[in-house]
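Working notes, beginning with the structure itself.
The values are calculated or read from the model by the stated rules, or taken from the named source; none is laboratory data. Quick caveat, the model's predicted, so the values are computed rather than measured. For neighbour counting, all protein chains shown are included, and Cβ atoms are generated from backbone atoms with ideal geometry for every residue, glycine included. SASA here: full protein model, heavy atoms, side chains in, ligands and nucleic acids out. Shrake-Rupley method; radii C 1.70, N 1.55, O 1.52, S 1.80 Å.
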Amino acid sequence: MQQFKRQTEISSLNEQAAGLQQKIRSSQNRQAKLRALLEDRRKAAPIEEQKAREWERNAQVVMQKSNEYRERLAELQSAVKESGAEERGLTYDQLKELDVQVEELRATVHKKQNIYKGYESLPPDISLAYVKLEEAKVKLEQLRAECEHAVDAAFSTRK
């Protein structure tokens, strides 16, 4: 019986040893994975540090721009107060609408200036205008005659 007890104990110890060996292998695998992760982190650390420095620089630039925009906004707000637009009750939308109207007026003025330029070459007196008109008619007749002469010359040389 004692032998049976010993064999049971040995069997139990073997089972425990096998279980411990399994746990040791599992722990070694986890340790290898953790070491690989640690090595990856060590390799990535300089890159991550560089990114962190870059983000810090970007944050500084953003803060600087933010301060510039605040200053610019304060300047614009003071300019609006100085212009008296608020006292007259003009809102941004109203100012935009006025800007559109101004642009439309500019376009109209430009069109009318172009029309006026067409009349600039005309003489100021009606009798002078008739003289200019007659001169233009004479010039037109001369050009027609030259054209006909050129056409006749062209067809007469071909024959």
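Only protein atoms count toward the accessible area here, which uses a 1.4 Å probe; on the chain, the carbon and sulfur part of that area reaches 57 percent.
The heavy atoms of I47 present about 100 square angstrom of accessible area, all protein chains included, probe 1.4 Å.
Taking one quarter of the surface of the convex hull spanned by the alpha-carbon atoms of region 25-94 gives a direction-averaged projected area of 8.8 nm². In plain terms, the bigger the Kirkwood radius, the slower the diffusion; for region 58-125, with that radius from Cα pairs, at 4 °C and 1.567 mPa s, Stokes-Einstein puts D at 80 µm²/s.
Candidate values [x] 7, 9, 9, 9, 9, 9, 9, 9, 8, 6, 5, 4, 3, 2, 1, 0; [y] 10, 36, 31, 17, 6, 0; [z] 10, 31, 27, 18, 12, 3, 0 were compared with P(r) over Cα pairs in 10 Å bins from 0, in percent computed on the shown model; the agreeing label is [x]. Counting Cα-Cα pairs of region 83-159 in 10 Å increments starting at 0 gives whole-percent bin shares of 14, 18, 16, 16, 14, 11, 7, 4, 1.
The Cβ shell under 12 Å around K139 holds other residues with a net charge of -1, Lys and Arg each +1, Asp and Glu each -1. Taking all protein chains into account, the per residue accessible area for the chain stands at 96 Å² (1.4 Å probe).
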